[in-house]
Amino acid sequence: MKTLLKAVWVVVAACAVAAFVVVISHAASRDGIGVPGGRLSVAQRAEAKTLNPLLAVDQPSRDVSSLLMADLVHINRETQQTEPALAESWRASSDGRRYTVELRKGLRFSDGHPLDADDVVFSFKAYLDEKVGSPQRDLLMFDGHPLTVSKRSPTTVVFDLPQPYPAAERLFDGLAILPKYLLE
């Protein structure tokens, strides 16, 4: 009986360690702009090596970055369908080489600064910059040629692919949008 009880405790302890628990405590003002303070607690089996999403390779770093920063779309892990995040909508051209992304109106970074198409263009160019050395760069390359990204309006971004890629909307999941005004 002691052996069974010990085995149960080991399983419970292993599950507790393996569980990814996130507790977010925050204060928000009436207008929805974040205020300094609060706490983000994340329990993981290993520490994040970096909080820079451009350089994150290890899973703990990617997990924490995904909690701190937003991407254009999310892939629902249950249905495997893409869902809006920062992007309100997106559409592909008939040849599958151009994707036009419409951002939600009124987006802001946690410090209240507006998030717009300039930030999206800056972010994707940073991921593609060879000097940065982002491991995600390869996801944005097609037979050695990068996709190109441009701003059409403050809330519209156009992605041109060198060749058709049927699952291109999935490229917009997992790449954090960075604040151009802080990093340029």
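Where a number appears in this text, it was derived from the coordinates with a stated rule and is not lab data. A quick note: this is a predicted structure, and the numbers were derived from the prediction, not measured.
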If you plug each phi of region 89-98 into the Karplus form 6.51 cos²θ - 1.76 cosθ + 1.60 with θ = phi - 60°, what whole-Hz ³J(HN,Hα) values come out, in order, with x for Gly and Pro?
7, 7, 9, 9, 6, 5, 8, x, 10, 10
Any aspartates and glutamates whose Cα falls less than 20 Å from that of LYS49, other than same-chain ones fewer than 8 residues away, would be ASP58, ASP63
Please state the equivalent ellipsoid semi-axes for region 48-183: what are the square roots of 5 times the Cα gyration tensor eigenvalues, largest first, in whole Å?
21, 18, 16
